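Worksheet: one structure, shown below.
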Amino acid sequence: MSDQTPTIPRFRSPSPVAWVIAVGFLAFFLQGLWAADMSLDRLQRGAVNLARFLGQAMPPDFSNWYGIADAMWETLNIAIVGVTFGCLFSIPLAILAASNTSPNSVVRSIARLVIAVSRTIPDLIWALIFVVAVGLGPLAGILAIIMDTIGFAARFYSERFEEVQKGPSEALTSTGAGRLSVIMGAILPESFASMTATSLFSVEKAIRSAVTLGLVGAGGIGVELSTAMRLFRYDDAAAIILVVLVAVIGFEQLSSSIRRRVI
Amino acid sequence: MTPPDPVLDVRDLHVSYGDLRILRGVTFAVGRGEGVVLLGANGSGKSTLMRAINGLAPAASGQVSLDGVPIIGARRAPLRKARRRMGYVFQQFNLVPQLSAFQNVLFGVMGQRPLGILNCLNPVARGEDRERALECLDRVGLADRAQHRPTELSGGQQQRVAIARMLMQRPSMVVADEPIASLDPKAGREVLDLLWRIVDDEGLSMLCTLHQLDLAREYGDRVIGLKDGTVQIDDTVERIDPAGLDGLYDGATRPEDATESKIAAV
């Protein structure tokens with residue numbers, strides 16, 4: 001080794017920006033810990049309370065099975081109706097939002113904004129808004145699921161449209177076909193498998209959302225759950241949670257088996 | 001060479017991508033029933049020329065007209081009308097992979113039916129269109145594969161389905177952009193035989209890019225050689241000078257690429 005060979009330092013000092021981010025993060029984290037008033041004493045009491053809850057919840061009380069089943073059915077109704085309309089509305093919106101199918105950049109920006117707003121506002125907030133608009137009950141839940149589905153499905157549909165290979169749509173364009181015909185004849189068939197997968201994910205997501213929407217009065221099994229919790233009938237609550245668990249897992253299995261067949 | 005009754009007339013066509021000037025004043029015409037082979041090195045602008053002729057690539061200036069109807073600068077409706085009369089065969093076949101061969105052929109009339117696709121999907125298409133689609137598949141020898149998807153067919157078969165789609169369109173002019181470049185030599189020759197036979201039988205005009213000089217001489221009536229974005233050779237096959245053809249592939253494709261080929265030469 002000659003004298004000129006540089007030595008390589010084992011460590012390098014992080015950049016000033018990295019320092020600022022690291023210190024800022026640490027400060028925010030510690031302030032958060034302090035604000036949450038975390039103490040060993042509270043955690044201990046929490047554990048005791050949790051044990052008492054579990055004690056009262058076991059065994060789950062299925063005596064109100066009819067009411068639970070009815071509410072679960074309503075939840076599935078909300079999810080399926082909402083997600084169906086959501087996916088249907090997503091298709092035209094995605095066509096307007098994708099760069100290769102949108103008529104012009106103004107329409108595209110507006111469509112993207114609509115999709116972004118539907119996605120950024122959480123489903124529970126949509127439900128609160130629609131409860132104000134149409135009153136308590138499943139209709140508010142359906143509307144909330146529609147908005148939530150649009151934010152998710154329209155985004156993935158439009159991304160899929162943009163990935164589609166250009167050749168087939170160019171071939172149809174070269175025959176003198178109109179834009180909509182080209183989209184329906186080449187781009188939609190090419191995106192079909194991916195759109196089916198996205199739609200099935202939307203259904204899974206919608207069932208999970210529909211369960212919680214009841215907590216703000218938008219219909220479904222969440223209404224039963226929040227009532228049971230407020231009346232301290234933890235054994236009822238446990239039964240409801242178990243039913244939800246079975247329904248969600250059951251649908252996830254069903255949807256993944258459909259997905260395997262389509263793709 | 002200007003044919004007396006041109007179907008396709010290209011005048012002083014310029015096409016640029018950004019600062020890159022691909023076509024620099026291309027002028028030629030294709031007569032009725034004439035078969036023209038377009039030759040040129042990679043990057044000489046062959047594909048761009050084909051795409052500009054169909055209005056798929058935007059032209060900077062110049063004019064292309066099909067049967068006297070202008071294509072460059074045309075509004076959407078007249079452009080679509082002109083495109084209906086031009087059958088386009090692509091190097092990559094460009095069939096819709098999720099749909100059957102039959103449905104892909106039916107799409108050939110998409111531009112000619114009111115409501116477009118709503119009148120050429122298999123369940124709702126007119127009886128005569130469905131019959132004709134099957135006839136077209138029969139012409140290319142694939143009537144028994146009508147229900148197959150493109151992915152279940154070989155490359156040569158896929159190109160034959162694409163030719164059937166072109167035939168379905170009842171064009172007056174066929175534009176084929178390296179129709180056999182993705183096929184092996186045997187399948188390529190079969191497809192080229194079929195394509196040229198159909199063009200002859202129907203009395204269509206043809207503009208076809210190829211990479212093989214021997215095939216160009218064998219199939220074409222006339223050869224156009226493209227270099228540096230301009231027409232360098234335009235003559236009948238009998239009178240073409242073999243040395244001139246080789247010259248198309250010598251040196252830099254575009255003047256500004258000269259340094260690149262110098263490096264390559266070193």
*What dipole magnitude, in Debye to the nearest 20, does chain A give about its Cα centre under +1 on Lys/Arg Cβ and -1 on Asp/Glu Cβ?*
480
*Would you kindly derive the ³J(HN,Hα) couplings of region A:135-142 from the backbone phi angles with the Karplus curve 6.51 cos²θ - 1.76 cosθ + 1.60 (θ = phi - 60°), listing them in order in whole Hz, with x for Gly and Pro?*
x, 5, x, x, 4, 4, x, 4
*Among B:ALA125, B:VAL231, B:ALA143, which residue has its Cα positioned farthest towards the positive end of the charge dipole of chain B, with +1 placed on the Cβ of Lys and Arg, -1 on the Cβ of Asp and Glu, and the dipole taken about the Cα centre?*
B:ALA125
*Which listed residue (B:GLY251, B:PRO114, A:PHE28) has the Cα farthest towards the positive end of the charge dipole for the protein assembly as shown, taking +1 on Lys and Arg C-beta and -1 on Asp and Glu C-beta about the Cα centre?*
A:PHE28
*Kindly express, to the nearest 10 degrees and within the range 0 to 90, the angle between helix B:127-139's C-alpha long axis and the longest C-alpha principal axis of chain B.*
50
*Under a Cβ-Cβ cut-off of 13 Å, what is the net charge of the residues other than B:THR236 that fall near it, where Lys and Arg count +1 and Asp and Glu count -1?*
-3
*Express the Stokes-Einstein translational diffusion coefficient of region B:166-216 in µm² s⁻¹, to the nearest whole number, given a Kirkwood radius over alpha-carbon pairs, 10 °C and a viscosity of 1.306 mPa s.*
139
*Please give the calculated 222 nm ellipticity per residue for chain A, where each DSSP H segment of at least 4 residues contributes -39500 (n - 2.57) and the sum is spread over every residue; nearest 500 deg cm²/dmol?*
-25000 deg cm²/dmol
*Leaving out same-chain residues fewer than 8 places away, which aspartates and glutamates sit with a Cα under 13 Å from that of A:LYS205?*
A:ASP123, A:ASP148, A:GLU252
_How are the alpha carbon pair distances in chain A distributed across 5 Å bins from zero to the largest one, expressed in percent?_
1, 6, 9, 11, 11, 10, 10, 10, 9, 7, 5, 4, 3, 2, 1, 1, 0, 0
*Work out, step by step, the length gained on full extension between B:SER16 and B:ALA77: first 0.36 nm times the residue separation, then minus their alpha carbon distance; give nm to one decimal.*
19.5 nm
*Which lysines, on any chain, are close to B:LYS46 with Cα under 29 Å apart, when same-chain ones fewer than 8 places away are left out?*
A:LYS166, B:LYS81, B:LYS186, B:LYS227, B:LYS262
*Principal axis lengths of the protein assembly as shown from Cα atoms, whole Å, largest first?*
100, 86, 41
*Where both residues lie in chain B, what percent of DSSP beta bridges are antiparallel, nearest 5?*
60
*For chain B, find the longest principal axis of its Cα atoms and tell me its angle to the long axis of helix B:185-202, 0 to 90°, nearest 10.*
70
*asked:* Please list 3J(HN,Hα) in residue order for region B:51-64, calculated via the Karplus relation 6.51 cos²θ - 1.76 cosθ + 1.60 where θ = phi - 60°; whole Hz, with x for glycine and proline.
replied: 5, 5, 4, 8, x, 7, 10, x, 9, 7, 7, x, 9, 10
*Where Rh is the Kirkwood radius over the Cα pairs of region A:124-263, the temperature 25 °C and the viscosity 0.890 mPa s, what D in µm²/s does Stokes-Einstein return?*
141
*Output the relative contact order of chain A, whole-number percent, from Cα pairs under 8 angstrom with separation of 6+ residues.*
25
_Under the Debye formula (equal points on every Cα, no solvent term), log10 I(q)/I(0) of region B:30-87 at q = 0.15, 0.18, 0.20, 0.22 Å⁻¹_ = -0.47, -0.67, -0.81, -0.95
*Kindly write out, for region A:216-224 in residue order, the coupling ³J(HN,Hα) from the Karplus curve 6.51 cos²θ - 1.76 cosθ + 1.60 (θ = phi - 60°), rounded to whole Hz, with x marking Gly and Pro.*
9, x, 8, x, x, 6, x, 4, 4
*Inter-chain shielding of B:83-95 (mean C-beta neighbours from other protein chains, 10 Å cut-off)*: 4
*Value at 222 nm in deg cm²/dmol, rounded to 500, when DSSP H runs of n ≥ 4 in chain B each add -39,500 (n - 2.57)*: -10000 deg cm²/dmol
_Ratio of Rg to Rh over region B:87-170 (Cα coordinates, Kirkwood Rh, two decimals)_ = 0.93
_Rounded to the nearest 20 debye, dipole of region B:87-170 from Cβ charges on Lys, Arg, Asp, Glu_ = 160
_Cβ-based charge dipole, the protein assembly as shown, positive-most Cα from A:GLN4, A:VAL182, A:ALA71_ = A:ALA71
*Say each of A:ILE125 and B:THR2 gets a label point 7 Å from the Cα, pointing the same way as Cα to Cβ; how far apart are those two points in nm?*
6.9
*Could you give the size of the charge dipole of the protein assembly as shown about its Cα centre, using +1 on the Cβ of each K and R and -1 on the Cβ of each D and E, expressed in debye and rounded to the nearest 20?*
1160
*Given H placed 1.01 Å from N in the peptide plane, which residues other than close sequence neighbours of B:ILE72 have an amide H under 5 Å from its amide H?*
B:VAL64
*Calculate how steeply helix B:155-168 sits against the longest principal axis of the alpha-carbon atoms of chain B, using the helix alpha-carbon long axis, and give the answer as 0 to 90 degrees to the nearest 10.*
70
*Label A:THR227 and B:ARG189 with points 7 Å out from Cα along Cα→Cβ: what is the distance between them in nm?*
8.2
*Please report, in cubic angstrom per residue, the volume enclosed by the convex hull of the alpha-carbon atoms of chain B.*
139
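Every number in this text was worked out from the coordinates using simple rules, so none of it is lab data. Keep in mind that what you see is a predicted model, and the values were worked out from it rather than measured. Because the Cβ atoms are built from the backbone with ideal geometry, glycine has one as well, and the counts that use them run over all protein chains shown.
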